[in-house]
1. Does the range 71-93 contain at least one residue that is more than 20 Å from SER41 (Cα to Cα) and either outside any helix (DSSP H, G or I) or among the β-branched types (Val, Ile, Thr) (or both)?
2. Tell me, please, whether a residue that is open to solvent by 50 Å² or more (accessible area, probe 1.4 Å), charged (D, E, K, R) and either modelled with pLDDT of 90 or more or outside any helix (DSSP H, G or I) (or both) can be found in the range 60-70.
3. Select from the range 21-59 the residues that are in contact (Cβ under 8 Å) with a residue 40 or more places away in the chain, over 12 Å from the mean Cα position of the chain (by Cα) and open to solvent by less than 50 Å² (accessible area, probe 1.4 Å) and list them in ascending order.
4. How many of the residues in the range 79-97 are loosely packed, with under 14 Cβ neighbours inside 10 Å and basic (Lys, Arg)?
Amino acid sequence: MKRPDNVLTAVLESHGGRCACHGACGKTHTGDGEQCNATSSGKNKPLLAAPQTPHATDVQNAAAPLKELRPWCWPCWRDALAAERARANDQRTQALEEMQIGLFDVDTDAAA
């Protein structure tokens, strides 16, 4: 068996030549099983290999093992990545707010 020339080739050989998005981008796809039908990213740009579930940081996405990678079109990947980053940012903001609540909790019994 010939070794693929690059990661994208390996991903396309393993998972087919169309975008693997099933709505993570926020759009409702009308393809088979509501999967995106894109076979390219438009304007002669190929699909890209990226994690099946986007991570919030580029480092996490770049470190994803080959078995987690799927083909994505750029529009779906861009929107899915933005949604994941917004979700992670909201989660960090909420955690920070919850940690700060105790900083200003004044014990009213001690002041009396």
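The values are calculated or read from the model by the stated rules, or taken from the named source; none is laboratory data. Keep in mind the model is a prediction, meaning the values are calculated, not measured. Backbone-built Cβ (ideal geometry, glycine too); neighbour counts: all protein chains shown. Note: accessible area is taken over every heavy atom of the protein model, side chains too, but ligands, DNA and RNA are not part of it. Shrake-Rupley method; radii C 1.70, N 1.55, O 1.52, S 1.80 Å.
1. yes
2. yes
3. Result: CYS36, LEU48.
4. Residues meeting the conditions: 2.
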